[in-house]
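Take a look at the structure set out below.
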Amino acid sequence: MTELSPYLPGFIAAYAILLVGASSPGPAVAMLLGISTTQGRGPALITCFGIATGSMTINLLTMVGVGLLLSQAAWAMNLLRLVGSAYLLWLAWGAFRKALNPPKVSVEQMAPQSAKALFIKGYLLQVTNPKAIAFWLAIAAVGAVNGAPAPVIAAFVTGAFVISFAMHAAWAVVLSSRPVRAAYAGGRRWIEAGLGSFFTFAAFKLATAER
């Protein structure tokens, strides 16, 4: 059995970034809220499965691409870490701006669709989202599974899928309630400030990590 313990620090760092990133409001949130309020939570969860599958696709593609890059250039990891840190700082800046002027929590109106259509809608939204792609490149810069055997990589991908699905499902289920949405909107300033602080800290740790 493959030993996971040497890779756990990288797993934790990557999952922490993913957890907070998936918690940040984005295009998927409005769509999920619209589906959950007009069609119910079941269809919204099917859409979440599509989003998580799209996230897994980007995860695999970025790992393959980063692996090929690193095999050709030893300096590539340092460059990737700097790019990842810059992106996290950009996310932090966006969060702090929202903390100063919190946007309204909007619900996108959705027409009824089949389960297959909902899955595809969630999948395509995620794999074509430039923010999601850039975010996974930032996570890849952590190097959680660099040089890891296939079982470790499979465990990492599975864990990332679960996190992505769980966080988007939380949006769909919890914020489909009007009182909860109102409470969230009231605390949005502090939530965004907390996200900005985390992204700033993550950018610093990533830029100064020793490899």
- In segment 146-160, residue nearest to Ile35 (Cα to Cα) [restricted to those that are open to solvent by 40 Å² or more (accessible area, probe 1.4 Å) and in a helix (DSSP H, G or I)]: Thr158
- Task: Among the residues of segment 131-145, write down those that are open to solvent by 30 Å² or more (accessible area, probe 1.4 Å) and either of a type in the set (Lys, Arg) or at positive phi (or both).
- Result: Lys131
- Note on the structure: Exception for Thr128 within (1) crowded, with 20+ Cβ neighbours inside 10 Å; (2) among the hydroxyl-bearing types (Ser, Thr, Tyr); (3) at pLDDT 80 or above falls at (1)
- Go through the residues of segment 101-116 one by one and say whether even a single one is modelled with pLDDT under 80, assigned to a helix (DSSP H, G or I), surrounded by fewer than 21 Cβ atoms within 10 Å (Cβ to Cβ) and charged (D, E, K, R). no
- Message: Name the residue that is modelled with the highest pLDDT, counting only residues in segment 37-69 that are open to solvent by less than 50 Å² (accessible area, probe 1.4 Å), farther than 18 Å from Val127 by Cβ and not small (Gly, Ala, Ser).
- Response: Pro43
- Item | Residue check, Phe165 open to solvent by 50 Å² or more (accessible area, probe 1.4 Å), part of a helix (DSSP H, G or I), at pLDDT 85 or above and of a type in the set (Phe, Trp, Tyr) | yes
- Among the residues of segment 168-196, write down those that are surrounded by fewer than 20 Cβ atoms within 10 Å (Cβ to Cβ) and at pLDDT 80 or above. Ala170, Val173
- Item | Residues of segment 1-12 satisfying the condition of being among the small types (Gly, Ala, Ser) and open to solvent by 40 Å² or more (accessible area, probe 1.4 Å) | Ser5
- Task: Of the numbered conditions (1) within 14 Å of the chain's Cα centre (by Cα); (2) open to solvent by less than 50 Å² (accessible area, probe 1.4 Å), Pro27 fails exactly one; give the number of that condition.
- Result: (2)
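The values are calculated or read from the model by the stated rules, or taken from the named source; none is laboratory data. Keep in mind the model is a prediction, meaning the values are calculated, not measured. When we count neighbours, we look across all protein chains shown, and the Cβ atoms used for this are built from the backbone with ideal geometry, even at glycine. Just so you know, the surface numbers come from the protein's heavy atoms only, side chains and all, with ligands and any DNA or RNA stripped out. Shrake-Rupley method; radii C 1.70, N 1.55, O 1.52, S 1.80 Å.
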